[in-house]
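Step one of this worksheet: look at the structure below.
The values are calculated or read from the model by the stated rules, or taken from the named source; none is laboratory data. Here the structure is a predicted model, which means the values were calculated and not measured. For neighbour counting, all protein chains shown are included, and Cβ atoms are generated from backbone atoms with ideal geometry for every residue, glycine included.
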Protein chains: 2
Amino acid sequence: MPELRKDPIVGRWVIISTERGKRPSDFPMETRKRDTKLCPFCPTNESSTPPEIMAFRDDGSKSNTPGWSLRVIPNKFPALRIEGDLNREGVGIFDKMNGVGAHEVIVETPDHTKDIIDLELKEIENVIWAYRDRINDLKRDPRFRHIMIFKNQGEAAGASLEHSHSQLIATPIVPIRILSEMEGAQKYYEFKERCIFCDIIRQELNDGTRIIVENDKFVALSPFAARFPFETWVMPKKHNPAFENMKPENIPFFAEILKDILGRLAVALNNPAYNYVIHSSPVEINHKDEYHWHLEIMPKLTKVAGFEWGTGFYINPTTPEDAALYLREIKKPQPVV
Amino acid sequence: MPELRKDPIVGRWVIISTERGKRPSDFPMETRKRDTKLCPFCPTNESSTPPEIMAFRDDGSKSNTPGWSLRVIPNKFPALRIEGDLNREGVGIFDKMNGVGAHEVIVETPDHTKDIIDLELKEIENVIWAYRDRINDLKRDPRFRHIMIFKNQGEAAGASLEHSHSQLIATPIVPIRILSEMEGAQKYYEFKERCIFCDIIRQELNDGTRIIVENDKFVALSPFAARFPFETWVMPKKHNPAFENMKPENIPFFAEILKDILGRLAVALNNPAYNYVIHSSPVEINHKDEYHWHLEIMPKLTKVAGFEWGTGFYINPTTPEDAALYLREIKKPQPVV
């Protein structure tokens with residue numbers, strides 16, 4: 001059973017995942033570049049993954065066989081386990097609990113050769129639907145306090161399989177970064193009685209220098225205090241604390257801006273490795289007026305050095321205004337082969 | 001002038017370093033593997049760096065010429081600038097100030113072929129003396145609230161020059177990670193009236209499973225909630241909030257344990273890239289009973305993925321107990337060539 005341990009000083013929880021127990025000789029891990037015959041995410045290899053949780057399928061096709069356009073499966077090497085109780089306990093001054101949670105993989109396409117930006121808009125909409133359906137299902141489990149969707153694209157971003165996929169992790173704790181965001185947003189709300197994210201969007205749309213692209217429902221921008229070069233946030237224009245509460249009619253707009261912005265980054269930065277993470281309200285929404293869900297995209301262009309690790313204090317060599325200008329000027333993002 | 005910008009939500013300051021202004025084509029940056037004729041940190045090339053701030057020199061040798069055993073210079077491409085006022089100002093709801101600070105490089109040895117673990121104990125003591133002297137000098141500047149010492153070893157850890165060196169950054173703000181440590185330590189102190197770090201050391205020495213090595217004055221251990229495999233902390237056994245207050249007679253003990261633990265990591269992990277960062281109290285010590293300086297060493301063995309970036313919630317595939325056991329069993333660390 002994996003273990004959740006709390007840093008007693010800063011209160012950060014860490015997953016000690018004994019499933020993946022590594023001895024020194026097991027490092028480094030390379031991305032497994034398999035041909036499609038061996039790729040566990042390719043059609044006909046369905047039996048090499050745990051049984052599927054859900055899939056979008058051709059009429060009449062059977063579970064765990066080909067005929068799917070999107071497939072959600074449990075992670076074969078989960079960082080957290082779905083079974084069991086939390087069993088919170090102290091170890092002297094330390095705190096730990098069982099690593100209970102869900103760890104799922106969303107295989108975005110049956111086509112091994114395609115990245116998410118190569119998919120049709122309709123296919124990207126299905127990816128978003130899958131995120132939404134899985135969150136809504138897992139929210140019913142009272143053990144989980146937070147559900148996170150993220151994507152690691154490329155080896156430098158930590159992807160261990162190249163077939164395009166996203167991941168979901170449901171945790172019994174609220175991760176410290178999300179907690180800090182909630183606290184900051186709450187302080188602002190107490191002072192102003194307005195959502196800080198709404199205020200940021202209003203100011204940025206008015207100012208324009210950090211805006212990359214927008215549509216009726218969403219805006220993509222370079223955040224004022226970007227940690228990384230070309231860091232990009234996609235935010236719903238209308239206040240909404242939780243991703244899974246997105247109205248169905250807004251999903252095509254999110255798919256469109258996601259494909260657009262990832263396409264611009266691919267052209268500008270020569271198909272970079274990147275991570276994206278959906279920041280959404282914890283499951284019990286106590287802060288529905290204060291928090292505002294958004295997607296953070298972090299291209300992996302620089303090595304994060306000791307200074308950043310030690311301090312949470314980042315050095316960004318590209319101004320957000322330059323990054324936004326550069327990405328704005330890419331008029332017609334081309335799919336990158 | 002570089003700029004310091006504050007994330008309005010979580011309160012994290014970021015350095016936007018226009019000095020290093022990068023267009024997309026400037027990524028990625030490789031470690032410059034220069035031969036010693038071109039290395040700016042090698043003897044006879046002193047003129048290719050800014051003039052030295054201090055050096056340990058043979059009697060009679062002149063500044064900025066060979067004859068030194070250790071040399072401190074301003075970073076040629078500083079993330080922060082030493083001249084100027086802070087000029088804190090608002091930009092609508094955002095906050096920024098000038099990127100005022102010090103950014104220095106400690107060249108640890110004239111020998112291009114040696115890493116810090118290859119140095120004699122006496123030479124490592126000199127490195128520690130240099131850290132201490134530079135902090136004590138910069139503390140007199142009232143603009144600086146925090147001074148951080150760190151080392152990036154190897155390309156994967158963000159080193160841009162291979163000649164062995166450490167860095168110092170003095171900042172007009174307290175970095176958010178240090179702030180969280182201070183806050184956590186303060187809360188614990190309010191409750192217990194004891195330093196949390198002292199309590200951790202006491203419990204760990206008693207328990208033993210996460211201890212790697214100790215001497216009379218210091219202990220090296222795997223922290224209970226380690227974020228990274230083989231993450232290691234070196235802590236003074238006796239309470240002391242600030243690194244630069246270390247008593248001169250303790251410096252040989254710190255040099256000894258630093259060489260020992262870096263040597264063990266080199267043997268165990270085949271000379272890994274790593275970062276180390278000295279966590280020390282901010283310049284104005286308001287928390288002298290609560291905070292406890294220490295060194296955090298982070299070998300770069302895994303790629304930090306989207307999940308970690310988004311959440312501050314880490315997955316560590318090696319238990320701290322296994323890491324400690326493995327490192328403890330390396331009896332005689334050999335210098336790695």
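Identify the residue in the range B:66-94 that is among the polar types (S, T, N, Q) and without any contact (Cβ under 8 Å) to a residue 60 or more places away in the chain and, among all such residues, is farthest from the other protein chains (Cβ to nearest Cβ).
By that ranking, first place goes to B:Ser69.
Working only within the range B:45-60, note down all residues that are more than 22 Å from B:Gly154 (Cβ to Cβ), hydroxyl-bearing (Ser, Thr, Tyr) and either outside the structural domain of B:Lys76 (by TED's automatic domain parsing) or surrounded by 12 or more Cβ atoms within 10 Å (Cβ to Cβ) (or both).
B:Ser48
Taking the conditions exactly as written (modelled with pLDDT under 90 and hydrophobic (A, V, I, L, M, F, W, C)), does A:Ala79 satisfy them or not?
So A:Ala79 fits the description; yes.
Taking the range B:125-159 as the region of interest, how many residues are part of a helix (DSSP H, G or I) and touching a His at 6+ places or on another chain (Cβ under 9 Å)?
Residues meeting the conditions: 0.
Report, by residue number, each residue of the range A:224-256 that is in a helix (DSSP H, G or I) and in contact with a Leu (Cβ under 9 Å, 6 or more places away or on another chain).
Selection gives A:Phe243, A:Pro252, A:Phe254, A:Ala255, A:Glu256.
Read through the list (1) buried (at least 20 other Cβ atoms within 10 Å of the Cβ); (2) in contact (Cβ under 8 Å) with a residue 60 or more places away in the chain; (3) part of a strand (DSSP E or B), then give the number of the only condition that B:Met97 fails.
(1)
Kindly check whether there is at least one residue in the range B:13-23 that is modelled with pLDDT under 95, part of a loop (DSSP other than H, G, I, E, B), of a type in the set (Lys, Arg) and within 20 Å of the chain's Cα centre (by Cα).
Looking through the range B:13-23, none of the residues is modelled with pLDDT under 95, part of a loop (DSSP other than H, G, I, E, B), of a type in the set (Lys, Arg) and within 20 Å of the chain's Cα centre (by Cα).
Farther than 25 Å from A:Cys39 by Cβ, at pLDDT below 95 and more than 25 Å from the chain's Cα centre (by Cα), is that true of A:Glu89?
It is true that A:Glu89 is farther than 25 Å from A:Cys39 by Cβ, at pLDDT below 95 and more than 25 Å from the chain's Cα centre (by Cα).
Based on this model, can you work out whether B:Gln186 counts as at pLDDT below 95 and not basic (Lys, Arg)?
yes
Please tell me if B:Asn286 is at positive phi, surrounded by fewer than 20 Cβ atoms within 10 Å (Cβ to Cβ), modelled with pLDDT under 95 and among the polar types (S, T, N, Q).
So B:Asn286 does not fit the description; no.
Show the residue pairs that are 6+ apart or on different chains and have beta-carbon atoms under 6 Å apart, the first residue being within the range B:272-292 and over 25 Å from B:Ala159 (Cα atoms) and at the interface with another protein chain (Cβ under 10 Å from one of its Cβ atoms), the second being crowded, with 24+ Cβ neighbours inside 10 Å and modelled with pLDDT of 90 or more.
Pairs found: B:Tyr291/B:Ser281; B:His292/B:Phe197.
Which ones in the range A:257-279 are modelled with pLDDT under 95 and either part of a loop (DSSP other than H, G, I, E, B) or surrounded by fewer than 22 Cβ atoms within 10 Å (Cβ to Cβ) (or both)?
A:Val267, A:Ala268, A:Leu269, A:Asn270, A:Asn271, A:Pro272, A:Ala273
Is it fair to say B:Lys114 is more than 14 Å from chain A (Cβ to nearest Cβ), part of a loop (DSSP other than H, G, I, E, B) and over 13 Å from the mean Cα position of the chain (by Cα)?
For B:Lys114, the condition - more than 14 Å from chain A (Cβ to nearest Cβ), part of a loop (DSSP other than H, G, I, E, B) and over 13 Å from the mean Cα position of the chain (by Cα) - is met.
Before we move on, is A:Arg143 of a type in the set (Lys, Arg), within 22 Å of the chain's Cα centre (by Cα) and at pLDDT below 90?
no
For the range A:172-185, what are the residues that are facing chain B (nearest Cβ under 7 Å) and not in a loop (DSSP other than H, G, I, E, B)?
Matches in the range A:172-185: A:Ile176, A:Arg177, A:Ile178, A:Ser180, A:Glu181, A:Gly184, A:Ala185.
Does A:Ser281 satisfy being over 13 Å from A:Glu296 (Cα atoms) and hydroxyl-bearing (Ser, Thr, Tyr)?
For A:Ser281, the condition - over 13 Å from A:Glu296 (Cα atoms) and hydroxyl-bearing (Ser, Thr, Tyr) - is met.
Tell me, yes or no, whether the range B:196-213 has at least one residue that is touching a Gly at 6+ places or on another chain (Cβ under 7 Å), part of a helix (DSSP H, G or I), surrounded by fewer than 22 Cβ atoms within 10 Å (Cβ to Cβ) and not assigned by TED's automatic domain parsing to the domain that holds B:Ile135.
Within the range B:196-213 (the criterion being touching a Gly at 6+ places or on another chain (Cβ under 7 Å), part of a helix (DSSP H, G or I), surrounded by fewer than 22 Cβ atoms within 10 Å (Cβ to Cβ) and not assigned by TED's automatic domain parsing to the domain that holds B:Ile135), the answer is yes, since at least one residue qualifies.
Given the criteria surrounded by fewer than 19 Cβ atoms within 10 Å (Cβ to Cβ), more than 29 Å from B:Pro8 (Cβ to Cβ) and more than 14 Å from chain B (Cβ to nearest Cβ), does A:Asp216 qualify?
Spelling it out, it is not the case that A:Asp216 is surrounded by fewer than 19 Cβ atoms within 10 Å (Cβ to Cβ), more than 29 Å from B:Pro8 (Cβ to Cβ) and more than 14 Å from chain B (Cβ to nearest Cβ).
Which of the residues that make up the range A:186-195 are part of a loop (DSSP other than H, G, I, E, B) and within 13 Å of chain B (Cβ to nearest Cβ)?
Listed by number, the residues that qualify are A:Arg194, A:Cys195.
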